[in-house]
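Trainee: Questions regarding the structure given below will be posed in turn.
The values are calculated or read from the model by the stated rules, or taken from the named source; none is laboratory data. Being a predicted model, the structure only gives us computed values, none of them experimental. No Cβ is skipped: glycine too gets one built from the backbone with ideal geometry, and neighbour counts run over all protein chains shown.
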Amino acid sequence: MQPILASVATAVALAVTAACGRAPADVARAPGAGKAARIVSLSPALTRTVCMLGGKSAVVGRTPWCEAPDAVVVGTLEDRNLEAIAALRPTLVLRQSSVADPALETVAASSGATIHTWHFDRVEDVRAGLYPLARLLAEGGIPGADVAARDLLARHLQAITVPVRSISPVLFLFSVDPPMAFGSGTYVDDLWRAMGGVNAITKAGYPTMTAEDVIRLAPSAVVVIGRGPLPAWLGSASPVQVQLDAPDLLEPSARMLVDGPVSLHRVDDSIAAARSGG
Amino acid sequence: MMHRRPMVGLALVAAVSCLAVAARLLVVRTLDGSFLVGWPGPTLGQFRGDAVLVACAAGAALGASGAILQTLLRNPLASPFVLGVTSGAGAGVAFASLAASMAGIAAPTGAALGVPALAGALLALGCVLLLSRRHGALDPVTLILGGVIVGAIASAGSTVAESLLPPERRGLFNGWLFGRIPDVPDPGALAACAAAALGLTGLGAAWGNRLDGAALSDDEARSIGIALGPMRTAMFIGCGVATAATVALCGPIAFVGLLAPHCARALVGARNRMLVPGAALAGAGLLTAADALRQWIDVGGGRLPLGAVTAVFGGVAFLVLLRRTAAGWMS
């Protein structure tokens with residue numbers, strides 16, 4: 001019963017969020033509105049989200065880790081090439097940071113671009129940023145961005161409202177050497193709990209652990225997100241181990257929103273199969 | 001009376017190191033913040049035992065290397081880091097990770113991580129030794145400068161390689177770069193590190209009198225019949241191999257190689273016959289104590305990186321020690 005209630009509550013919250021389309025403060029007015037969008041993204045998660053909203057062709061500058069291979073690499077958030085950014089004449093600069101960047105603001109202002117900052121840390125952050133980002137793209141002449149956002153949220157809702165069967169504590173690791181976990185308040189924790197699951201880690205953030213910590217925790221299942229061989233000692237921690245190569249769960253972007261719950265359902269299926277001896 | 005002091009000091013260093021080992025074996029803080037004291041049984045005890053073995057082997061190798069380098073270079077601030085070996089090992093791992101990424105295969109882990117680390121460490125050491133060779137002998141000053149430069153180049157190479165790695169592959173490299181005691185050490189890497197530590201410590205103790213002579217000026221050393229060139233070369237290579245084995249096993253660890261010789265010198269004196277074994281014991285105890293502290297302190301992110309613990313606590317302790325011993329570190 002509890003998983004179903006959690007899912008219903010999440011669905012209601014999502015519907016309200018989607019209807020409101022909450023915008024960050026700096027998105028309220030875009031001087032570059034009306035021009036064809038030329039986007040420089042300093043965040044792989046934001047680039048991926050823009051691409052999923054249909055704006056891939058508008059991305060002209062990116063980090064080395066962004067998809068959108070046709071775009072020029074302009075460095076990273078911490079080490080961006082201002083001259084390269086200025087030469088691209090962007091209309092939108094997207095970044096994830098709480099730190100002001102006066103030099104970037106000057107360059108953006110000189111080319112009539114606006115800087116938009118999001119913080120995609122948790123599921124709610126991505127959900128809340130989806131409609132404002134789609135609105136920016138629509139204003140930049142990218143048709144269907146708002147429809148794409150609605151579609152993404154609908155798929156997210158559909159996937160997340162199906163409760164998981166595993167209701168005993170599950171440990172999610174994104175590294176095994178050393179063991180590093182998705183703790184409370186992370187986006188994987190958000191998704192798993194919204195689907196009615198229980199995270200074995202109640203500690204907030206992404207705690208670094210030791211093998212002894214994991215064995216003492218004795219979760220009902222250990223899920224390792226990523227590739228590479230699993231250490232033998234995991235068998236002492238839990239009889240059920242699931243390994244999943246799911247890039248969608250390694251980055252809080254729109255892809256996590258849509259594909260993350262699907263991956264977690266695959267995890268749930270694998271746990272159920274392992275418990276039943278299959 | 002004087003000849004008994006080093007033995008008493010050595011016994012004291014050993015006793016303190018044993019305390020650190022006991023603390024690591026018997027006391028742990030769980031993730032929820034409660035302390036557990038006692039032997040946890042065979043399964044969990046195996047992890048603690050392995051951690052102690054790794055810390056002792058790596059700490060001893062670093063401690064012995066530090067003592068020998070400080071003597072040979074006549075520089076109280078010399079340490080394995082000065083040779084650029086750590087940065088070279090880091091570059092080896094970074095480029096191996098990058099090559100794996102470009103080839104679309106899994107990044108090296110565990111024992112495989114040790115191979116590029118060792119290759120990078122030995123390459124850096126080879127470059128430093130070549131750079132510092134003057135008229136057939138190693139020049140101590142050029143050696144330090146060469147180590148700094150090679151270390152800087154290797155660090156820059158690591159940064160470039162890391163920046164080209166996809167985000168999901170950077171975690172492993174970053175984790176290694178902070179220094180760590182692996183939960184399950186690679187047996188080969190552990191054996192190599194232990195052998196290097198024992199070998200270097202034994203060599204340092206056996207050649208203690210020669211090392212004492214090397215601490216004098218070159219002319220003075222020659223006047224008492226000590227051939228500095230071959231001994232320096234052999235010792236530098238021994239220190240480089242021991243440090244590389246440590247880096248391959250644990251990643252780069254700061255301050256142990258610098259601090260352990262000073263701790264030992266304060267207790268056993270400056271004669272290398274006792275100093276080198278004392279520094280090895282002190283290094284083992286320091287690294288084990290740092291790993292124990294790492295288990296007890298949680299600032300919100302779980303277990304602290306080992307390198308951060310050794311840098312913070314080792315740095316403060318070193319400053320205190322420096323004030324006490326600055327007047328006559330070799331007296």
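Trainee: Out of all the residues in the range A:157-174, which are surrounded by 21 or more Cβ atoms within 10 Å (Cβ to Cβ) and polar (S, T, N, Q)?
Mentor: Answer for the range A:157-174, where residues must be surrounded by 21 or more Cβ atoms within 10 Å (Cβ to Cβ) and polar (S, T, N, Q): just A:Ser166.
Trainee: Still on this structure, please answer the following. Quick check on the range A:180-198: of everything there that is among the hydroxyl-bearing types (Ser, Thr, Tyr) and not in a helix (DSSP H, G or I), which residue is farthest from A:Arg266 (Cα to Cα)?
Mentor: Checked the range A:180-198; the qualifying residue farthest from A:Arg266 (Cα to Cα) is A:Ser184.
Trainee: Now for a different question. For A:Thr186, all conditions in the list (1) of a type in the set (Ser, Thr, Tyr); (2) within 14 Å of chain B (Cβ to nearest Cβ); (3) more than 15 Å from A:Val123 (Cα to Cα) hold save one; what is the number of the exception?
Mentor: (3)
Trainee: Restricting attention to the range A:63-95, and to residues there that are under 13 Å from A:Val50 (Cβ atoms) and within 14 Å of chain B (Cβ to nearest Cβ), which single residue is surrounded by the most Cβ atoms within 10 Å (Cβ to Cβ)?
Mentor: Looking at the filtered set, the residue picked out is A:Thr63.
Trainee: May I pose another question? Conditions: (1) at pLDDT below 95; (2) part of a strand (DSSP E or B); (3) in contact with a strand residue (DSSP E or B) (Cβ under 7 Å, 6 or more places away or on another chain). A:Ser175 meets all but one. Number of the miss?
Mentor: (3)
Trainee: For the range A:63-78, which positions are of a type in the set (S, T, N, Q) and either in contact (Cβ under 8 Å) with a residue 24 or more places away in the chain or over 13 Å from A:Pro44 (Cβ atoms) (or both)?
Mentor: A:Thr76
Trainee: Tell me, please, whether a residue that is in contact (Cβ under 8 Å) with a residue 24 or more places away in the chain and touching a Cys at 6+ places or on another chain (Cβ under 8 Å) can be found in the range B:70-81.
Mentor: Checked against the condition, which is being in contact (Cβ under 8 Å) with a residue 24 or more places away in the chain and touching a Cys at 6+ places or on another chain (Cβ under 8 Å), the range B:70-81 yields at least one hit.
Trainee: Within the group B:Ile253, B:Ile226, which residue is free of Cβ contacts under 8 Å to residues at least 40 places away in the same chain and in contact with a Gly (Cβ under 9 Å, 6 or more places away or on another chain)?
Mentor: B:Ile226
Trainee: Right, something else. Anything in the range B:171-230 that is within 16 Å of the chain's Cα centre (by Cα), within 14 Å of another protein chain (Cβ to nearest Cβ) and either outside any loop (DSSP other than H, G, I, E, B) or at pLDDT below 85 (or both)? List them, or say none.
Mentor: Hits for the range B:171-230 are B:Trp176, B:Leu177, B:Phe178, B:Gly179, B:Ala189.
Trainee: Considering only residues that are assigned to a strand (DSSP E or B) and surrounded by fewer than 23 Cβ atoms within 10 Å (Cβ to Cβ), look in the range A:200-224 and name the one that is farthest from the chain's Cα centre (by Cα).
Mentor: A:Thr208
Trainee: Against the condition within 14 Å of another protein chain (Cβ to nearest Cβ) and either surrounded by 19 or more Cβ atoms within 10 Å (Cβ to Cβ) or within 30 Å of B:Ala119 (Cα to Cα) (or both), how does B:Gly251 come out, does it pass?
Mentor: Answer is yes for this residue.
Residues checked against (1) in contact with a Lys or Arg (Cβ under 7 Å, 6 or more places away or on another chain); (2) in contact (Cβ under 8 Å) with a residue 24 or more places away in the chain; (3) closer than 16 Å to B:Val241 by Cα:
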site: B:Thr43; (1), (2), (3): no, no, no
site: B:Ala57; (1), (2), (3): no, yes, yes
site: B:Ile68; (1), (2), (3): no, yes, yes
site: B:Ser97; (1), (2), (3): yes, yes, no
site: B:Met102; (1), (2), (3): no, no, no
site: B:Ala106; (1), (2), (3): yes, no, no
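Trainee: Moving on. Across the range A:243-266, which residue is nearest to the other protein chains (Cβ to nearest Cβ) among those that are not in a helix (DSSP H, G or I) and not acidic (Asp, Glu)?
Mentor: Filtering the range A:243-266 for residues that are not in a helix (DSSP H, G or I) and not acidic (Asp, Glu), the one nearest to the other protein chains (Cβ to nearest Cβ) comes out as A:Leu250.
Trainee: In the range A:35-135, which helices (runs of 4 or more DSSP H) lie fully inside it and hold 1 or more residues that are polar (S, T, N, Q) and closer than 24 Å to A:Asp248 by Cβ?
Mentor: A:44-52
Trainee: Of all residues in the range A:196-242, count the ones that are within 7 Å of another protein chain (Cβ to nearest Cβ), in contact with a Ser or Thr (Cβ under 6 Å, 6 or more places away or on another chain) and among the aliphatic types (A, V, I, L, M).
Mentor: The number of residues fulfilling the criteria is 1.
Trainee: Being in contact (Cβ under 8 Å) with a residue 40 or more places away in the chain, in a helix (DSSP H, G or I), in contact with a Leu (Cβ under 8 Å, 6 or more places away or on another chain) and closer than 17 Å to B:Leu286 by Cβ narrows it down to one residue among B:Ala61, B:Ala23; which is it?
Mentor: B:Ala61
Trainee: Assuming A:Ile167 fulfils every condition listed in (1) at pLDDT 90 or above; (2) not in a strand (DSSP E or B) apart from one, which condition is it?
Mentor: Of the numbered conditions (1) at pLDDT 90 or above; (2) not in a strand (DSSP E or B), the odd one out for A:Ile167 is (1).
Trainee: Here is a follow-up. Can you find even one residue in the range B:27-43 that is part of a helix (DSSP H, G or I) and surrounded by fewer than 19 Cβ atoms within 10 Å (Cβ to Cβ)?
Mentor: yes
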